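Reviewing the structure listed below.
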Amino acid sequence: MTDLPIFERLPINEQTENDDKEIWQPSWHCFCCQDTGLIYRHLIELIIPDFDPNRDRIPVCQGCNKFDNYHLKEYGVLDLRFDLYICKKLDAIARDGWKRTTQQQFEKYKNQLDIATGAIALLSPLILQIYS
Ligand SMILES: [Zn+2]
């Protein structure tokens, strides 16, 4: 076996490459709260399995500074136990989930596109007949 070098992809069209990136990459920075400061419920439930949103304090993301209603703390409605360490863990889990979801969506989209392309290929001789 010879040692071959590993090259990065060299896309022909830089523009479309960047467009694709925007579609499949979310704009928020904190995946734990999607920059809202409020941790997503499915993530909360990983730590508080029987979390009841109607009765329990609201878990606040301590990983970023997006939550701006700290005055609510006085009313005892905030759960501030989700520290930076936990938020980073949840962030990693959410990132992974996001990656998998977009991958699935992409596969689905690609399949639909393949079906559509196949249908067009089948129909085009017909269409040509009609319009010629
Ligand atoms: Zn956050």
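The values are calculated or read from the model by the stated rules, or taken from the named source; none is laboratory data. These figures come from a predicted structure and were not determined experimentally. No Cβ is skipped: glycine too gets one built from the backbone with ideal geometry, and neighbour counts run over all protein chains shown.
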Does Ala116 satisfy the condition of being at negative phi, among the small types (Gly, Ala, Ser) and surrounded by 14 or more Cβ atoms within 10 Å (Cβ to Cβ)? no
Which one of the conditions (1) at pLDDT below 85; (2) touching a Cys at 6+ places or on another chain (Cβ under 9 Å); (3) not charged (D, E, K, R) does Gly37 fail to meet, given that it meets all the rest? (1)
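Taking helices (runs of 4 or more DSSP H) that fall entirely within segment 13-132, which contain at least 2 residues that are within 16 Å of the ligand (Cβ to nearest atom)?
Details: elements: 14-24, 41-47, 84-131.
Once the helices (runs of 4 or more DSSP H) in segment 13-132 are filtered for at least 2 residues that are within 16 Å of the ligand (Cβ to nearest atom), what remains is 41-47, 84-131.
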